[in-house]
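The values are calculated or read from the model by the stated rules, or taken from the named source; none is laboratory data. Treat the numbers as computed from the prediction; the structure is a model and nothing was measured. Using ideal geometry, Cβ is built from the backbone for each residue, glycine included, and neighbour counts are taken over all protein chains shown.
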Amino acid sequence: MKLFDSHCHLDDRSYGKDLETVIRGAAAAGVGGLMIVGINRESAHKVVSIAESIRGGFASVGVHPHDAMDCDEETLAELAALARNPVVRAWGETGLDFNRMRSPKPDQEKWFVRQLETAASLNLPLIFHERDSEGRFLEILKTHWSPERRGVVHCFSGNREELTACLDLGLFIGITGILTIQKRGEALRKMAPLIPADRLLVETDAPYLTPAPEKNKTRRNEPAFVKSTLLKLAELRGEDPEWLADATWENACRVFRLDPSDFDRG
């Protein structure tokens, strides 16, 4: 089974002492592709460095909505320059988060728009974060989107109407270990079979959102655990896990514009 963890944060300090072990564990579990996601200027440099060191490792650069209040044009210019590195295959994560409100709404919205524009100028697909934005995420996106663009709503947590709207925009849907959690994942389990197979991605969001059964043994999530999410997703959809693993691999390669030669380095 060949797996692609389409969203993880391997620059997190929780991996400071055993990152190499975590990477080896992912490879042993069949994880041959990793999208390591940046959340701000400092993080972006770290994820690019990590991606360069991993066979099948790729990176994204961007400013998370939590960090929007610290964003400026200089930051975007620096990230755009960093995006010239061939391991950088996406912009993000960016979007809106009106749940925790770590940055004011005006800052989040302003820099979300500017990142949409910057990613367009670089012809990079986007990795989106959306939580409790009360429709503003889709409202803004619709005015700055075109059919030829690509993106994924990572850790989808919306309702059925929002799912339909995202699919209508041509977006991919990232499924995390929340799917495996009894109470928290109930709504997502109902929607999972409704997502077209050619729009699905699986992800860990490691070190967060550890899936079952691993969450019963460890608090920290790892890319290797994406297999548990894939198996649960296949069960819910009534699909062969091997087939679904291949499908989500192909989807990740399609959204991030990867071909077989991109996995040959290292």
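One residue is enough: does segment 96-105 have a residue meeting the conditions aliphatic (A, V, I, L, M), free of Cβ contacts under 8 Å to residues at least 12 places away in the same chain and out of contact with any strand residue (DSSP E or B) (no Cβ under 9 Å at 6 or more places or on another chain)?
Restricting attention to segment 96-105, the residues satisfying the condition of being aliphatic (A, V, I, L, M) are 96, 101.
From the residues that got through so far, the ones that are free of Cβ contacts under 8 Å to residues at least 12 places away in the same chain too are 101.
If we keep only those that are out of contact with any strand residue (DSSP E or B) (no Cβ under 9 Å at 6 or more places or on another chain) as well, we get 101.
Within segment 96-105, one or more residues are aliphatic (A, V, I, L, M), free of Cβ contacts under 8 Å to residues at least 12 places away in the same chain and out of contact with any strand residue (DSSP E or B) (no Cβ under 9 Å at 6 or more places or on another chain).
Among the residues of segment 118-163, how many are surrounded by 15 or more Cβ atoms within 10 Å (Cβ to Cβ), of a type in the set (D, E, K, R) and either modelled with pLDDT under 95 or not in a loop (DSSP other than H, G, I, E, B) (or both)?
Count: 4.
Tally time: how many residues in segment 235-246 are surrounded by fewer than 19 Cβ atoms within 10 Å (Cβ to Cβ) and either assigned to a loop (DSSP other than H, G, I, E, B) or in contact with a helix residue (DSSP H, G or I) (Cβ under 7 Å, 6 or more places away or on another chain) (or both)?
6
So, in segment 54-96, exactly how many residues are within 29 Å of Gly32 (Cα to Cα) and either of a type in the set (Val, Ile, Thr) or under 13 Å from the mean Cα position of the chain (by Cα) (or both)?
17
Scan segment 185-213 for residues that are touching a residue at least 40 places away in the same chain (Cβ under 8 Å) and more than 15 Å from the chain's Cα centre (by Cα) and jot them down.
Initial filter on segment 185-213 (touching a residue at least 40 places away in the same chain (Cβ under 8 Å)): 189, 192-193, 197-209.
Selection gives Arg189, Ala192, Pro193, Ala197, Asp198.
So the check is Cβ under 6 Å with 6+ separation or different chains; which pairs have a first residue in segment 221-238 that's charged (D, E, K, R) and a second one that's surrounded by fewer than 24 Cβ atoms within 10 Å (Cβ to Cβ) and not in a helix (DSSP H, G or I)?
Lys227/Ala29
Considering only residues of segment 214-230 that are farther than 16 Å from Gly56 by Cβ and not in a helix (DSSP H, G or I), which is nearest to the chain's Cα centre (by Cα)?
Of everything passing the filter in segment 214-230, Asn221 is nearest to the chain's Cα centre (by Cα).
Could you check Phe4 against (1) in contact with a helix residue (DSSP H, G or I) (Cβ under 9 Å, 6 or more places away or on another chain); (2) surrounded by fewer than 24 Cβ atoms within 10 Å (Cβ to Cβ) and say which number it fails?
Answer for Phe4: the failing condition is (2).
Exactly one condition in (1) part of a helix (DSSP H, G or I); (2) of a type in the set (S, T, N, Q); (3) surrounded by fewer than 22 Cβ atoms within 10 Å (Cβ to Cβ) is not met by Gln115; state its number.
Of everything listed in (1) part of a helix (DSSP H, G or I); (2) of a type in the set (S, T, N, Q); (3) surrounded by fewer than 22 Cβ atoms within 10 Å (Cβ to Cβ), Gln115 misses just condition (3).
Going by the conditions given, is Cys166 farther than 23 Å from Ala80 by Cα, over 11 Å from the mean Cα position of the chain (by Cα) and at pLDDT 95 or above?
Yes: the conditions hold for Cys166.
Quick one: would you say Arg24 is more than 24 Å from Phe112 (Cα to Cα) and part of a loop (DSSP other than H, G, I, E, B)? First the steps, then the outcome.
Numbers: more than 24 Å from Phe112 (Cα to Cα): yes; part of a loop (DSSP other than H, G, I, E, B): no.
The answer is no for Arg24.
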